[in-house]
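Down below is the structure, laid out as C-alpha cells.
Derivation of every value follows stated rules applied to the coordinates shown; laboratory data play no part. Since the model is a prediction, treat every value here as computed from it, not as a measurement. All Cβ positions, even for glycine, are placed from backbone atoms using ideal geometry, and neighbour counts span all protein chains on display.
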Amino acid sequence: MKIVVCIKQVPATNDAKIDPETKRIIREGQKAIMNPFDTYAVEEGVRLKEKFGGEVIAITMGPPKAEAVLREAISVGADRGILLSDGAFAGSDTWATSYVLAKAIEKIGDVDLVICGKQAIDGDTAQVGPGIAAHLDWMQATYVMAVESVETSSITVKRMHEDGYDVCELQLPAVLTVVKDINTPRVPTLKGRLAAQKYEIPVWKPEDIGADHDKIGLKGSPTRVVKTQAPDPRKASTIRIEGSPQECAKALVRELRLRSLV
Amino acid sequence: MITLTDLERKEYRNIWVIAEVLSGEIQPVTHELIGAARTLADARNSQVWAVVLGSGVGDKAESLYAYGADTVIVVDDFRLSGFQDEMEARILVRLIKKYKPEVVVCAATSRGRALIPRVAVMANCGLTADCTGLSIDPENGDLLQTSPAFGGNILATIRCSNHRPQMATVRPRVMKAPEPDLNRKGQVIKESVLDTDLDKMKKIIEIFRSKETAVNLSDARIIIAGGRGMKGPEGFELLKQFASRVGGAVGASRAAVDAGWIPYAHQVGQTGQTVQSTLYIACGISGQIQHLVGMQSCDMIVAIDKNPDTPMMQIADIAIIGDVFEIIPEIMNEIPKL
C-alpha cells in the first residue's frame, strides 16, 4: 500500500492570546508540535504498512521550520517526508490548502490511501481532509475510530458519530480522517531518531506539483479573515460553597433552580 | 480560482439550511438553523429554504414551515438511509447549481462536518467552521461569520465576498430554535437521486445508535463531567446516574479516558470534543488548559472538588469545596426524579 499522511505543525497549546496593541495572534515563545490528531494518522499509516507492506509518505505544507514534524513522522516509521513550502502558499484557507495537498498527492502518484487527523487544534475546522478527497474525487471517511479490514481495492472502517458509530466499506483510493480512539502512537526508537536526523527533506514548490497559481495562497482562498478578537472573558466572580455535603447540595440546587436549570 | 462578478453574484438568492437527518428523523438542530436563517433572509428580503436528504422523509419536511422555512426541497430515497457523504455531496452540488442559494448553513456535527467541506470544494466556494454568530450585510449579501479558533481562545470574523454560495457550519445549541408557528405554510419541491449521483457509494455494513443519551455531548443541555477525582469506573457509574437524573450527558477529562474508566466518545477538550452546554458540572476535574478550552464556552460552570485551588475551581461560576462521592448523592436527593 502506498499511504500518504498529511500532517501540520501547530502551537503546542491552543492557549492563544491576542496582542492588545497589534491585534495579532502572539506566536512568539510558543513551542511548535505535530498536531495531536496527526500523530494518530501517522501511527495508523505505519501500522497498515507493517501489516500489508508498502510505503508511508508524510507531507506537510508550512514554513521551512515545519520540516520538524516530518522528521518526527520519520522517527516513528514514515519512510519519506515532503515539505510543501513557498511564499505563494502563504495565506491559504482550507480550500486552497486541500488543493495544494491534493496536487502533491497526485504528484506522488499511485497513492492508495491518504490519512489525516480529524482536525488541527489551531484552526479547528476539520475541513482539509474532506477537501482533499473532493479535489481528488476520491471517497472519504471521517472521524474514523478503527480500520476493520483492507482488501485489494477496498477498505472497511468504523466511523464515530455523536450518537454511536457505523461501519462502512469504501473503494480505494480513499481519504480517511482519524480520531484518538484509533490507536496509541509509539515513541520513536533510537534507530528511528537517527534516520530522521539524516533524512534530507525535499521541498516542493507550486511548479513541482503543477499547482495553478490562481488556486493557492490568498488568491485561491474564498474566505478572508477580516477581524480577530479575544472572546469576552468569563465573569470574574465565583460563588464558593462550603459546608456539609447536604448543605452544599442544597445550596447548589437552589442556585440551579434560580436559573431554571433543574 | 474563479471569482464572481457583481452581476453573477446577484443571481444567488435565499438562505439554505441543510437538514440534519438521523434514521429518517429531522434533528432539532435543523430548527435552530432555520431560526438563524430566518433572521438573515429577512435582512435580505429573501426566503429560507431547507434541504432534506434521507430515506422516508417525504412527509416530515412540512414540519419545517413552522420554524420559518418558506420552501423545502426533499430528496427521499432508500439509498440515503445511511450516511453517504459522496452521494449527498453530489446531490447538494447539483441543487446548488440549479437553484443558486446565497448562503448555505449546515449543522457542525460529525456528518455535517464531513459533508459540507466536500460540497464547498466541489462548488468552488468558501466555508467557515463552527460559527457562533452569523450576520449579513443587507446591501451586498456578504455573510459575516464569527468563528472560534485555537479552541475558542480567538474569535475570527470571516467574510467571503467573491464567491457564492457562502457556506457555514453551526454547532447544535448555539442558535435558539424559534417557537413553532403551526399556521405557517410553505411549498415543497421534490427532487430525485440521479444515476450520476451514485458513482461513489459506500457499502454501509452496520449502524449502531446508542439508546442512552449519555454520549451525545454536542446536543446536551447539561453535561456532568468527571476527571481523575472520580477514582475509577465506579465513579463514572455515579456520574451516569446523576446525568440521567437531570437529563444530561456524561463528559470526561483526558486523564479519565486514558485510564480506561470511560470510552473516548465522552472526552471533552483539545483532543476530544468541544462542548457548549447550558450547564457543565465538573466533578473532580483539575482543569488542565487542554480540558478548559473544550468547555469554557458553556453558559454556566459548576466545579466540585476537594481542592479549592485548581484551575477549574477558579474559572467556575459556582465552586463547591468537598468530596464528590458525598456531595453528588446529596444533590440527587435534592432533585426530584424526572
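Neighbours of B:Val48, meaning other residues whose beta-carbon lies under 12 angstrom from its beta-carbon, give a summed charge of +1 when Lys and Arg score +1 and Asp and Glu score -1.
Taken one residue at a time, the phi angles of region B:49-60 give Karplus couplings (6.51, -1.76, 1.60, θ = phi - 60°) of 10, 10, 10, 10, 10, x, 10, x, 9, x, 9, 8 Hz. Gly and Pro are set to x.
Per residue, the average separation of C-alpha pairs within less than 8 Å and at least 6 apart gives chain B a relative contact order of 14 percent. With helices as the sole contributors, chain A gives -9000 deg cm²/dmol at 222 nm; each DSSP H run of n ≥ 4 counts as -39500 (n - 2.57), and the sum is divided by every residue. Residues with amide H under 5 Å of B:Met300's amide H, sequence separation 5 or more or different chain, H placed in the peptide plane at 1.01 Å from N; which? HN-HN under 5 Å from B:Met300: B:Leu279, B:Tyr280. Near B:Gly226, the amide H atoms lying under 5 Å from its own belong to B:Gly251, B:Ala252, B:Ser253, B:Cys283; only residues 5 or more places off or on other chains count, and H is placed 1.01 Å from N.
Counting, for every residue in B:314-327, the Cβ atoms of other protein chains within 10 Å of its Cβ and taking the mean gives 5.
Under the criterion of Cα pairs below 8 Å and six or more residues apart, the relative contact order for region B:29-150 equals 22 percent. Note on A:Lys17: lysines with a C-alpha under 26 Å away, same-chain residues under 8 apart excluded, are A:Lys8, A:Lys31, A:Lys65, A:Lys118, A:Lys227, A:Lys235. With contacts taken as Cα pairs under 8 Å at a separation of at least 6 residues, chain A carries a relative contact order of 23 percent. Only beta bridges with both residues in chain B are counted; by DSSP, about 20 percent of them are antiparallel.
Converting phi to 3J(HN,Hα) with the Karplus coefficients 6.51, -1.76 and 1.60 and the offset θ = phi - 60°, region A:5-11 yields 10, 9, 10, 9, 8, 9, x Hz in sequence order, with x at every glycine or proline. Helical runs assigned H by DSSP (4 residues or longer) give chain B a calculated mean residue ellipticity at 222 nm of -7500 deg cm²/dmol, each run adding -39500 (n - 2.57) before division by the residue total. Annotation: amide H-H contacts under 5 Å for A:Glu148 (H modelled 1.01 Å from N, sequence separation of 5 or more, or interchain): A:Thr156, A:Val157, A:Lys158. Couplings for region A:101-114, taken from phi via the Karplus curve 6.51 cos²θ - 1.76 cosθ + 1.60 with θ = phi - 60°, read 5, 5, 5, 5, 5, 4, 5, 4, x, 6, 7, 8, 8, 10 Hz in order; Gly and Pro are left as x. Each Lys or Arg adds one and each Asp or Glu takes one away; over the other residues whose Cβ falls under 9 Å from the Cβ of A:Gly77, this sums to 0. Over the Cα atoms of region B:213-334, the radius of gyration divided by the Kirkwood radius equals 0.91; this is the Rg/Rh ratio.
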